[in-house]
Amino acid sequence: MSLLFVLVAGAAFAVSAVLPFAVKPLLGRLGVLDVPNDRSSHTTVVIRGMGIAVAGGITAGLVLALLTGLLAVDRSLLLIILAMLGAAAVLGWIEDLRGVSILSRAGLQLLIGALGTAALAAAIGQSYWWVPVGAVAVAAYINAANFMDGINGISGMHGAVVGIFYAIGGVLSGQQWLTVTGVVIAMAFLAFLPWNLGRGFVFLGDVGSYLLGASIAATAVTGLLAGVYLEYLLSPVLIYLADTFTTFLRRARRGERLYASHRSHVYQRLTDTGLSHVQVALLVTLCSALTGAAGFAVATAQAPVAVAGSLFAAAVVALYVNSPRMFAARAARRVRRTA
């Protein structure tokens, strides 16, 4: 069993790491490029769409898990998750190639979530009242991952850390499908990092950010319907949700067009304080790991520990949301000392 597990994880990593050698030239010939503007965090034209390679890695890992018999039960859950993230990746690829209107994009994201949740409810034996919840959750997190995919390293690290937490959650809850899915997601996005952080870097593109959001959301919805503790599923994604939600509220209060391009996210404002892309991505990942650890402790703890863990997670979120002002103040003090 352990050998098969290593084989599945290795396949996801290897395909995601090697496939870009073939995909990158193809994307260049197709002209799938990210051209920077005044809202961008980059200054050079970069090939995007490399999420195709990560999709290949996740597909290879999950299909191999099905073919090798690594899962004796819950095979249908993996098939549904695979279909959901595949549909989201295709939608993202179309967006990369030719663009999709906002209404069409939102409608299709909701449809992916609704159909996927309905299939999961049927497979698990849950009520179809969960369908609207799943539809909104999937569409919302696809957009959150897309909004947060603005600097090098942040999406690859997010996929890796959330996947690892979900894999641990699968072990603790006795849900082997969750362990397998979490490890496959983690390995595929981890393998993308050298391509995104090294010289001649490339971007995931919408195909990759949609894949990231859908893979996490589909796994979380499946876990919720299967009885996994909500804390296991929600705590590792609190920072992404907090950044997206507070940015939305801040822009709404200012009367801005909510779907217009902007540089108002917490992570974007952190880069404006002088932190590098890698430093900000590591900070986001560290905060996600801290909230994830707190959530896992809270899930089965007695009341005093649960309260302390919840307060700790809330403090981490609050510190992250307010971190741009803290780093900006530190930078200002440094300037005054050198003036």
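Per residue of the stretch 329-338, what does 6.51 cos²θ - 1.76 cosθ + 1.60 with θ = phi - 60° give for ³J(HN,Hα)? Whole Hz please, x for Gly and Pro, Karplus curve as stated.
5, 5, 5, 5, 4, 5, 5, 5, 5, 8
Return the sequence-ordered ³J(HN,Hα) values of the stretch 222-231 in whole Hz as given by the Karplus equation 6.51 cos²θ - 1.76 cosθ + 1.60 applied to θ = phi - 60°, using x for Gly and Pro.
The phi angles translate into 4, x, 4, 5, 8, x, 6, 3, 4, 4 Hz.
How would 68, 219 rank on accessible area, largest to smallest, probe 1.4 Å?
Of 68, 219, the descending order of accessible area is 68, 219.
Taking the chain as a Gaussian network, where each spring joins two C-alpha atoms under 10 Å apart, which residue of 60, 315, 220 fluctuates the most?
Highest fluctuation of the listed residues: 315.
So if R0 is 45 Å, what FRET efficiency would residue 6 and residue 335 give, r being the distance between their Cβ atoms, rounded to the nearest 0.05? Please list the in-between numbers first.
Details: r = 51 Å, r/R0 = 1.13.
FRET efficiency, residue 6 to residue 335: 0.30.
Please turn the phi angles of the stretch 295-310 into ³J(HN,Hα) values with the Karplus equation 6.51 cos²θ - 1.76 cosθ + 1.60 (θ = phi - 60°), one per residue in order, whole Hz, x for glycine and proline.
x, 5, 5, 5, 3, 10, 8, 5, 3, x, 5, 5, 5, 4, x, 5
Per residue, how much accessible area does the stretch 103-142 show when a 1.4 Å probe rolls over the protein heavy atoms, in square angstrom?
Details: 2010 Å² over 40 residues.
The answer is 50 Å² per residue.
Alpha carbon centre of the stretch 289-307 versus the stretch 86-106: separation in Å?
For the stretch 289-307 versus the stretch 86-106, the Cα centre distance is 37 Å.
Which of these values of volume of the Cα convex hull per residue in Å³ was calculated from the structure shown: (i) 124; (ii) 132; (iii) 151?
Here volume of the Cα convex hull per residue in Å³ agrees with entry (iii).
Looking at the stretch 31-137, which chymotrypsin sites (Phe, Trp or Tyr not before Pro) are DSSP coil and have at most 14 other C-beta atoms within 10 Å of their C-beta? Walk me through the numbers before you get to the answer.
Values: sites: 93, 128, 129, 130; in loops: 128, 129.
Qualifying residues, ordered by number: 128, 129.
Please return the longest stretch of the chain lacking exposed loop sites, where trypsin sites (Lys or Arg not before Pro) count only if DSSP places them in a loop and at most 15 other Cβ atoms lie within 10 Å. Let's see the in-between values first.
Values: sites that count: 39, 98, 199, 254, 257, 263.
Of all site-free stretches, the longest is 99-198.
Roughly how far apart, in whole Å, are the Cα centres of the stretch 124-196 and the stretch 218-288?
Result: 14 Å between the Cα centres.
Take the stretch 91-201, compute every pairwise Cα distance, and split them into 5 Å bins from 0; I just need the percent in each bin.
With 5 Å bins starting at 0, P(r) equals 2, 11, 13, 17, 22, 18, 10, 4, 1, 0.
Provide the per residue accessible area, probe 1.4 Å, for the stretch 167-319, rounded to a whole number of square angstrom.
Values: 6080 Å² over 153 residues.
Each residue of the stretch 167-319 exposes 40 Å² on average to a 1.4 Å probe.
Dimensions of the stretch 1-160 along principal axes (Cα, Å, largest first)?
49, 40, 25
Could you work out what % of the accessible surface of the chain is carbon and sulfur, using a 1.4 angstrom probe and leaving DNA, RNA and ligands out of the count?
On the way: 10310 of 15010 Å².
Carbon-and-sulfur percentage of accessible area, whole number: 69.
Give me the distance in nm between label points sitting 7 Å out from Cα along the Cα-to-Cβ direction at residue 128 and residue 18, one decimal.
4.5
The values are calculated or read from the model by the stated rules, or taken from the named source; none is laboratory data. Only a predicted model underlies this, so the values are computations on that prediction, with no experimental measurement involved. Counting neighbours? That spans all protein chains shown, and the Cβs are built from the backbone with ideal geometry, glycine included. Side chains included, ligands, DNA and RNA excluded: accessible areas come from the protein's heavy atoms. Shrake-Rupley method; radii C 1.70, N 1.55, O 1.52, S 1.80 Å.
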